[in-house]
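Asker: First the structure, which I've put down as structure tokens, then a few questions once you've had a look.
The values are calculated or read from the model by the stated rules, or taken from the named source; none is laboratory data. Nothing here was measured: the structure is a model prediction, and the numbers come from that model. Positions of Cβ are backbone-derived with ideal geometry, glycine not excepted, and every protein chain shown enters the neighbour counts.
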There are 2 protein chains.
Amino acid sequence: MPKPEKPLILVCNDDGIFSNGIKALAEVADEFGDVEIVAPDRQQSAVGHAITVATPLRARAFMIDNRFSGQAVSGTPADSIKLAHNQLLNRKPDLVVSGINHGSNAGINIIYSGTVSAATEGTILGYPSIAFSCTDFEEKADLTGCQEAARKVIGYVLNHGLPKGVTLNVNAPSGPLKGIKWARQANSRYIEEFEGRIDPHNRSYYWMTGKFQLLDDDDQNDISMIEKGYASVTPIQYDLTAYSLLNDLKDIQL
Amino acid sequence: MPKPEKPLILVCNDDGIFSNGIKALAEVADEFGDVEIVAPDRQQSAVGHAITVATPLRARAFMIDNRFSGQAVSGTPADSIKLAHNQLLNRKPDLVVSGINHGSNAGINIIYSGTVSAATEGTILGYPSIAFSCTDFEEKADLTGCQEAARKVIGYVLNHGLPKGVTLNVNAPSGPLKGIKWARQANSRYIEEFEGRIDPHNRSYYWMTGKFQLLDDDDQNDISMIEKGYASVTPIQYDLTAYSLLNDLKDIQL
């Protein structure tokens, strides 16, 4: 009788294969199964769910610390998951994890996040998928709390699975956690500010910056949970239909 | 007493300022108010909700057919809307429209769509916003049906507004319409195929292709409506929380 296989866990991110975050997540995944990393070969933050259709993709093998093997993809996080699924893995993964992102993907950040999109792409392809992010942007951030959350959530999902069409989005503060809480996506936005400058050739250009603004009025949202020291876990879906409104509108003749 | 201003309609897309689709949409918008085009300076299909944070943005003025003035932005559709809102417009728009995209943004396509993301960004910034797409990829596609849908939906939204946090996603077949129907986002996916090739330097690369697969079992979805000759109108939201599942999960201790 063949030895039962350990679960295969596909690890991706949007900060690229050389980030500390992906190594920290691979370490946790390694406690649960066989790890394969397929991730962008460079920083891809804020690419959202971009995919590459106008140019070809390349993948090259790499090792991290002589420990984790993987393939670096010349594309986006969503590209990486599609290519892993279709070409690069020898067997189907049991779980797709993305992160640990250096920077929060709570609230409105989720819309712009390549980290979350990698996990969403895993869900679209039919795999249980989880995104992990730490609020601290620093490369040397203390990811131990986020790793603790990853250990609990990965264990839960490997045991219980996830409903079709649902991805888990996990965010944690840096350092130790008070605990882990379910939460909804915070109502929030950026107040953008564009700093206008003049280049040496006398042409104008703009740098985008922005202040984050929490618009929520209760504390059951992901951002409030993180601020209180908890990791937040938000089930998210890629069916964007606003069903309650659709129900109100459907008798209106256009 | 000052003359009441006509509504200002901000027009964006993801195919770039030189596409036929944006001109077709600007023509319809022009029937309702003052038109300002702020859109990517080049093709940006499948960029999803990407934004540009690592490089600066530029904008340059242009005219289409000596008729519509605008600004071409060196970034993504979402960048274009943010920059228009913050820097480029003299007054706040009353409506944001995006398209007409050359190619469907129904079903799962919505996730990858720059066209839809421009409209979503408009919604995030607080403006009533609508995305328009035609199923025909050809630059010379017959957009008259989609223009007819745009006329009806723009008229409706200028009169009635839209609830906070909701964007309308409109898709139409090419040519004349049977009518316009409310619909939900179809459950659908791509069966990706990557075509592996070897370059002249003997290195492998992959071209992404894919077959679209409709997984829905009733006909109240956007793709079924379009196939029957109707334009579909789907209210969508950027709060991705899977609320019904969150309710089930919230008593589970992680």
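Asker: What's the number of the only condition in (1) at pLDDT 95 or above; (2) farther than 21 Å from A:THR76 by Cβ that B:THR120 fails to meet?
Answerer: (2)
Asker: Quick test of your reading of the structure: A:ASN90 fulfils all but one of (1) more than 15 Å from A:ALA46 (Cβ to Cβ); (2) within 10 Å of chain B (Cβ to nearest Cβ); (3) of a type in the set (S, T, N, Q). Name the failing condition by number.
Answerer: (2)
Asker: Next question, about the same structure. Under 6 Å between Cβ atoms, at least 6 apart or on separate chains: pull out the pairs that start in region A:152-172 with a residue that is in contact (Cβ under 8 Å) with a residue 24 or more places away in the chain and end on any residue that is hydroxyl-bearing (Ser, Thr, Tyr).
Answerer: Listed by first residue and then by second, the contacts come to A:THR167/A:THR120; A:THR167/A:THR123; A:THR167/A:SER129; A:ASN169/A:THR234; A:ASN171/A:SER104; A:ASN171/A:SER133; A:ASN171/A:SER232.
Asker: Tell me which of these A:LEU83 doesn't satisfy, since it passes every other one: (1) within 15 Å of the chain's Cα centre (by Cα); (2) of a type in the set (A, V, I, L, M); (3) crowded, with 23+ Cβ neighbours inside 10 Å; (4) within 19 Å of A:GLY48 (Cβ to Cβ).
Answerer: (1)
Asker: Hey, can you tell me all the residues within region A:180-221 that are part of a loop (DSSP other than H, G, I, E, B) and surrounded by fewer than 17 Cβ atoms within 10 Å (Cβ to Cβ)?
Answerer: Across region A:180-221, the qualifying residues are A:ASP199, A:PRO200, A:HIS201, A:ASN202, A:ARG203, A:LEU215, A:ASP216, A:ASP217, A:ASP218, A:ASP219, A:GLN220.
Asker: Moving to a separate point now. Exactly one condition in (1) out of contact with any Cys (no Cβ under 8 Å at 6 or more places or on another chain); (2) farther than 27 Å from B:ARG189 by Cα; (3) not in a strand (DSSP E or B) is false for A:SER174; which is it?
Answerer: Result: A:SER174 fails condition (1) only.
Asker: While we're on this one: Name the single residue that is farthest from B:SER133 (Cα to Cα) among those in region B:151-172 being of a type outside the set (S, T, N, Q) and within 13 Å of the chain's Cα centre (by Cα).
Answerer: Restricting to residues being of a type outside the set (S, T, N, Q) and within 13 Å of the chain's Cα centre (by Cα), the top hit is B:LEU168.
Asker: When only residues in region B:54-65 that are surrounded by 16 or more Cβ atoms within 10 Å (Cβ to Cβ) and in a loop (DSSP other than H, G, I, E, B) count, which is modelled with the lowest pLDDT?
Answerer: Step by step, filter region B:54-65, then rank; the result is B:PRO56.
Asker: Here is a follow-up. Which residue pairs have Cβ atoms under 6 Å apart, sit 6 or more places apart or on different chains, and have a first residue in region B:64-84 that is under 14 Å from B:ASP30 (Cα atoms) and a second that is surrounded by fewer than 24 Cβ atoms within 10 Å (Cβ to Cβ) and basic (Lys, Arg)?
Answerer: Close Cβ pairs satisfying both conditions: B:ILE64/B:LYS23.
Asker: In region A:162-204, what count of residues is obtained for those that are in contact with a Gly (Cβ under 7 Å, 6 or more places away or on another chain) and at positive phi?
Answerer: Total satisfying the criteria: 1.
Asker: Still on this model: Before we move on, is A:SER45 more than 9 Å from chain B (Cβ to nearest Cβ), buried (at least 18 other Cβ atoms within 10 Å of the Cβ) and not in a strand (DSSP E or B)?
Answerer: Criteria not met by A:SER45.
Asker: Pairs, please: C-beta under 7 Å, at least 6 apart or cross-chain, first residue without any contact (Cβ under 8 Å) to a residue 24 or more places away in the chain and in region A:182-201, second β-branched (Val, Ile, Thr)?
Answerer: A:GLU193/A:THR209; A:GLU195/A:THR209
Asker: Another question about this same structure. Give all pairs with beta carbons closer than 7 Å in which a residue from region B:203-231 that is more than 12 Å from chain A (Cβ to nearest Cβ) meets a residue that is among the acidic types (Asp, Glu) and surrounded by 14 or more Cβ atoms within 10 Å (Cβ to Cβ); count only pairs at least 6 apart in sequence or on separate chains.
Answerer: From region B:203-231, the pairs are B:SER224/B:ASP216.
Asker: Of A:LEU254, A:LEU240, which residue is without any contact (Cβ under 8 Å) to a residue 12 or more places away in the chain, buried (at least 19 other Cβ atoms within 10 Å of the Cβ) and at the interface with another protein chain (Cβ under 7 Å from one of its Cβ atoms)?
Answerer: A:LEU240
Asker: What number of residues within region B:66-87 are more than 11 Å from chain A (Cβ to nearest Cβ), modelled with pLDDT under 95 and in contact with a helix residue (DSSP H, G or I) (Cβ under 7 Å, 6 or more places away or on another chain)?
Answerer: Qualifying residue count for the region: 1.
Asker: In region A:20-42, which residues are under 25 Å from B:SER117 (Cβ atoms) and either in a loop (DSSP other than H, G, I, E, B) or charged (D, E, K, R) (or both)?
Answerer: Result: A:ASP41, A:ARG42.
Asker: Hey, another quick one. Filter region B:101-118 down to the residues that are among the hydroxyl-bearing types (Ser, Thr, Tyr) and in a loop (DSSP other than H, G, I, E, B), then identify the one that is nearest to the other protein chains (Cβ to nearest Cβ).
Answerer: B:SER113
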